[in-house]
Amino acid sequence: MVKVGLTGGIGAGKSEVSRLLASYGAVIVDADKIAREVVEPGTPGLAAVVEEFGADVLAPDGTLDRPKLGGIVFSDPGRLKALNAIVHPLVGARSAELEASAGPDAVVVHDVPLLTENGLAPLYDLVVVVDAAPQTQLDRLVRLRGMAEDEAKSRMAAQATREQRLAVADLVIDNDGPLEALEPQVHAMWERLRTA
(Lines give C-alpha, C1' and ligand atoms only; values in the text may rest on other atoms or scores of the structure.)
Protein backbone atom coordinates (compact mmCIF):
# COMPACT_ATOMS: atom_id res chain seq x y z
CA MET A 1 0.00 0.00 0.00
CA VAL A 2 1.17 3.50 -0.86
CA LYS A 3 -0.26 6.25 1.37
CA VAL A 4 -0.44 9.63 -0.31
CA GLY A 5 -1.37 12.90 1.36
CA LEU A 6 -3.03 15.22 -1.16
CA THR A 7 -3.47 18.86 -0.23
CA GLY A 8 -3.77 22.34 -1.67
CA GLY A 9 -5.26 25.69 -0.78
CA ILE A 10 -8.96 26.37 -1.26
CA GLY A 11 -9.60 26.94 -4.96
CA ALA A 12 -6.30 25.36 -6.05
CA GLY A 13 -8.01 22.41 -7.74
CA LYS A 14 -7.32 19.59 -5.30
CA SER A 15 -10.78 18.11 -5.84
CA GLU A 16 -10.18 17.80 -9.56
CA VAL A 17 -6.86 16.03 -8.95
CA SER A 18 -8.60 13.71 -6.49
CA ARG A 19 -11.32 12.96 -9.07
CA LEU A 20 -8.72 12.11 -11.71
CA LEU A 21 -6.80 9.84 -9.32
CA ALA A 22 -10.04 8.02 -8.43
CA SER A 23 -10.71 7.47 -12.15
CA TYR A 24 -7.28 5.79 -12.44
CA GLY A 25 -8.05 3.45 -9.54
CA ALA A 26 -6.83 5.21 -6.42
CA VAL A 27 -8.73 4.67 -3.17
CA ILE A 28 -9.75 8.18 -2.07
CA VAL A 29 -10.15 9.02 1.60
CA ASP A 30 -11.76 12.46 1.45
CA ALA A 31 -11.34 14.34 4.73
CA ASP A 32 -13.92 17.01 3.77
CA LYS A 33 -16.54 14.37 2.95
CA ILE A 34 -15.81 12.54 6.20
CA ALA A 35 -15.94 15.85 8.11
CA ARG A 36 -19.49 16.31 6.81
CA GLU A 37 -20.45 12.72 7.72
CA VAL A 38 -19.24 12.99 11.33
CA VAL A 39 -21.53 15.97 12.00
CA GLU A 40 -24.69 14.59 10.40
CA PRO A 41 -27.88 14.69 12.48
CA GLY A 42 -27.85 12.15 15.29
CA THR A 43 -24.07 11.88 15.49
CA PRO A 44 -21.97 12.59 18.58
CA GLY A 45 -20.01 15.03 16.41
CA LEU A 46 -23.02 17.24 15.75
CA ALA A 47 -24.01 17.13 19.42
CA ALA A 48 -20.51 18.31 20.38
CA VAL A 49 -20.59 21.13 17.82
CA VAL A 50 -23.97 22.34 19.11
CA GLU A 51 -22.70 22.14 22.68
CA GLU A 52 -19.69 24.29 21.75
CA PHE A 53 -21.33 26.80 19.37
CA GLY A 54 -25.02 26.77 20.35
CA ALA A 55 -28.18 25.67 18.58
CA ASP A 56 -27.95 28.72 16.27
CA VAL A 57 -25.55 26.72 14.06
CA LEU A 58 -28.37 24.32 13.17
CA ALA A 59 -30.55 24.75 10.10
CA PRO A 60 -34.34 24.43 10.56
CA ASP A 61 -34.16 20.77 9.44
CA GLY A 62 -31.66 19.91 12.20
CA THR A 63 -28.61 19.70 9.95
CA LEU A 64 -25.50 21.76 10.52
CA ASP A 65 -25.76 25.21 8.94
CA ARG A 66 -22.27 25.08 7.46
CA PRO A 67 -22.24 28.63 6.03
CA LYS A 68 -23.29 30.04 9.39
CA LEU A 69 -20.66 28.02 11.26
CA GLY A 70 -18.08 28.94 8.62
CA GLY A 71 -18.85 32.62 9.17
CA ILE A 72 -18.06 32.16 12.86
CA VAL A 73 -14.90 30.08 12.65
CA PHE A 74 -13.14 31.47 9.60
CA SER A 75 -12.97 34.94 11.11
CA ASP A 76 -11.85 33.79 14.58
CA PRO A 77 -8.81 31.50 14.95
CA GLY A 78 -9.83 30.54 18.49
CA ARG A 79 -13.26 29.36 17.38
CA LEU A 80 -11.73 27.51 14.43
CA LYS A 81 -9.40 25.72 16.85
CA ALA A 82 -12.40 24.73 19.00
CA LEU A 83 -14.22 23.30 15.96
CA ASN A 84 -11.12 21.43 14.80
CA ALA A 85 -10.68 19.90 18.27
CA ILE A 86 -14.13 18.33 17.87
CA VAL A 87 -14.05 17.29 14.23
CA HIS A 88 -10.44 16.27 13.56
CA PRO A 89 -10.27 13.26 15.92
CA LEU A 90 -13.51 11.93 14.43
CA VAL A 91 -12.21 12.40 10.89
CA GLY A 92 -8.92 10.71 11.80
CA ALA A 93 -10.65 7.65 13.21
CA ARG A 94 -12.92 7.24 10.16
CA SER A 95 -10.00 7.80 7.75
CA ALA A 96 -8.04 5.04 9.48
CA GLU A 97 -11.01 2.67 9.08
CA LEU A 98 -11.26 3.39 5.35
CA GLU A 99 -7.52 2.98 4.82
CA ALA A 100 -7.52 -0.34 6.69
CA SER A 101 -10.22 -1.65 4.35
CA ALA A 102 -8.14 -0.98 1.20
CA GLY A 103 -6.13 -3.81 -0.32
CA PRO A 104 -2.40 -4.29 0.29
CA ASP A 105 -1.54 -3.14 -3.26
CA ALA A 106 -3.79 -0.08 -3.16
CA VAL A 107 -2.74 3.49 -3.73
CA VAL A 108 -4.63 5.26 -0.93
CA VAL A 109 -4.95 9.00 -1.44
CA HIS A 110 -5.89 10.97 1.64
CA ASP A 111 -7.50 14.18 0.36
CA VAL A 112 -6.70 16.48 3.31
CA PRO A 113 -7.21 20.24 2.90
CA LEU A 114 -5.52 21.05 6.26
CA LEU A 115 -2.61 18.59 5.98
CA THR A 116 0.00 21.34 6.32
CA GLU A 117 -1.81 23.26 9.06
CA ASN A 118 -2.14 20.15 11.22
CA GLY A 119 1.41 18.84 10.68
CA LEU A 120 0.18 15.61 9.07
CA ALA A 121 2.85 15.22 6.36
CA PRO A 122 4.80 12.55 8.31
CA LEU A 123 1.74 10.25 8.20
CA TYR A 124 2.14 9.68 4.45
CA ASP A 125 4.66 8.00 2.17
CA LEU A 126 4.36 10.93 -0.20
CA VAL A 127 2.78 14.40 0.01
CA VAL A 128 1.32 15.92 -3.16
CA VAL A 129 0.49 19.62 -3.19
CA VAL A 130 -1.85 21.04 -5.81
CA ASP A 131 -0.53 24.55 -6.30
CA ALA A 132 -2.07 27.70 -7.74
CA ALA A 133 -1.24 31.36 -7.28
CA PRO A 134 -3.34 33.14 -4.63
CA GLN A 135 -4.89 35.37 -7.29
CA THR A 136 -5.95 32.26 -9.25
CA GLN A 137 -7.47 30.76 -6.11
CA LEU A 138 -9.36 33.97 -5.35
CA ASP A 139 -10.66 34.22 -8.92
CA ARG A 140 -11.92 30.62 -8.85
CA LEU A 141 -13.64 31.06 -5.48
CA VAL A 142 -15.43 34.23 -6.56
CA ARG A 143 -16.16 33.34 -10.19
CA LEU A 144 -16.78 29.59 -9.99
CA ARG A 145 -18.07 29.08 -6.44
CA GLY A 146 -19.91 32.40 -6.13
CA MET A 147 -18.21 33.40 -2.88
CA ALA A 148 -18.05 37.03 -1.85
CA GLU A 149 -14.49 38.28 -2.22
CA ASP A 150 -14.17 39.07 1.51
CA GLU A 151 -15.32 35.56 2.45
CA ALA A 152 -12.92 33.98 -0.05
CA LYS A 153 -10.00 36.03 1.31
CA SER A 154 -10.95 35.11 4.88
CA ARG A 155 -10.99 31.40 4.06
CA MET A 156 -7.68 31.63 2.23
CA ALA A 157 -6.13 33.49 5.18
CA ALA A 158 -7.30 30.75 7.59
CA GLN A 159 -5.19 28.18 5.70
CA ALA A 160 -1.45 27.63 5.45
CA THR A 161 0.43 29.91 3.10
CA ARG A 162 1.48 28.74 -0.32
CA GLU A 163 5.10 28.62 0.89
CA GLN A 164 4.19 26.48 3.91
CA ARG A 165 2.37 23.95 1.69
CA LEU A 166 5.20 23.79 -0.83
CA ALA A 167 7.68 23.19 2.00
CA VAL A 168 6.02 19.83 2.85
CA ALA A 169 5.56 18.71 -0.78
CA ASP A 170 7.27 15.67 -2.26
CA LEU A 171 5.45 16.33 -5.53
CA VAL A 172 3.82 19.54 -6.79
CA ILE A 173 0.99 19.64 -9.33
CA ASP A 174 0.89 23.06 -10.99
CA ASN A 175 -2.76 24.00 -11.46
CA ASP A 176 -2.38 27.65 -12.31
CA GLY A 177 -3.39 27.05 -15.91
CA PRO A 178 -6.29 25.50 -17.80
CA LEU A 179 -7.81 22.13 -16.94
CA GLU A 180 -6.22 20.54 -20.03
CA ALA A 181 -2.77 21.15 -18.51
CA LEU A 182 -3.73 19.33 -15.31
CA GLU A 183 -4.53 15.82 -16.55
CA PRO A 184 -1.11 14.98 -18.04
CA GLN A 185 0.58 15.96 -14.76
CA VAL A 186 -1.81 13.86 -12.70
CA HIS A 187 -1.46 10.88 -15.04
CA ALA A 188 2.34 11.04 -14.82
CA MET A 189 2.09 11.17 -11.03
CA TRP A 190 -0.27 8.16 -11.04
CA GLU A 191 2.24 6.12 -13.07
CA ARG A 192 4.91 6.99 -10.51
CA LEU A 193 2.64 6.04 -7.58
CA ARG A 194 1.71 2.67 -9.09
CA THR A 195 5.36 1.67 -9.28
CA ALA A 196 6.34 3.12 -5.89
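The values are calculated or read from the model by the stated rules, or taken from the named source; none is laboratory data. Predicted model, so just to flag it, every value in this text is computed and none were measured. Counting neighbours? That spans all protein chains shown, and the Cβs are built from the backbone with ideal geometry, glycine included. The accessibility values were calculated without ligands, DNA or RNA, using every heavy atom of the protein model including side chains. Shrake-Rupley method; radii C 1.70, N 1.55, O 1.52, S 1.80 Å.
Close amide-amide hydrogen proximity is noted between residue 147 and 142, each under 5 Å apart and 5 or more residues distant or on a separate chain (H modeled in the peptide plane; Pro and chain starts excluded). Between the C-alpha center of region 142-196 and that of region 9-46 there is a gap of 15 Å. Largest mean-square fluctuation among 80, 126, 114, in a Gaussian network model of the chain whose springs join Cα atoms under 10 Å apart, belongs to 80.
Helix-derived [θ] at 222 nm for the chain: sum -39500 (n - 2.57) over DSSP H runs of at least 4, divide by residue count, nearest 500? The per-residue figure over the chain is -15000 deg cm²/dmol.
Could you tell me which of rounded, prolate or oblate describes region 1-74, using a ≥ b ≥ c as the square roots of the eigenvalues of the alpha-carbon gyration tensor, with rounded for a/c under 1.5 and, failing that, prolate when a/b is larger than b/c and oblate otherwise? Verdict is prolate for region 1-74. All other residues whose Cβ lies under 14 angstrom from that of residue 58 are scored, Lys and Arg at +1 and Asp and Glu at -1, for a net of -4.
Three principal axis extents of the chain based on alpha-carbon atoms, in descending order, are 49, 39, 28 Å. To the nearest ten degrees, helix 182-194 and the longest principal axis of the Cα atoms of the chain are 70 degrees apart. Computed over protein heavy atoms with a 1.4 Å probe, the carbon and sulfur contribution to the accessible area of the chain reaches 54%. Calculate how steeply helix 14-24 sits against the longest principal axis of the alpha-carbon atoms of the chain, using the helix alpha-carbon long axis, and give the answer as 0 to 90 degrees to the nearest 10. With both axes taken from Cα atoms, the answer is about 50 degrees.
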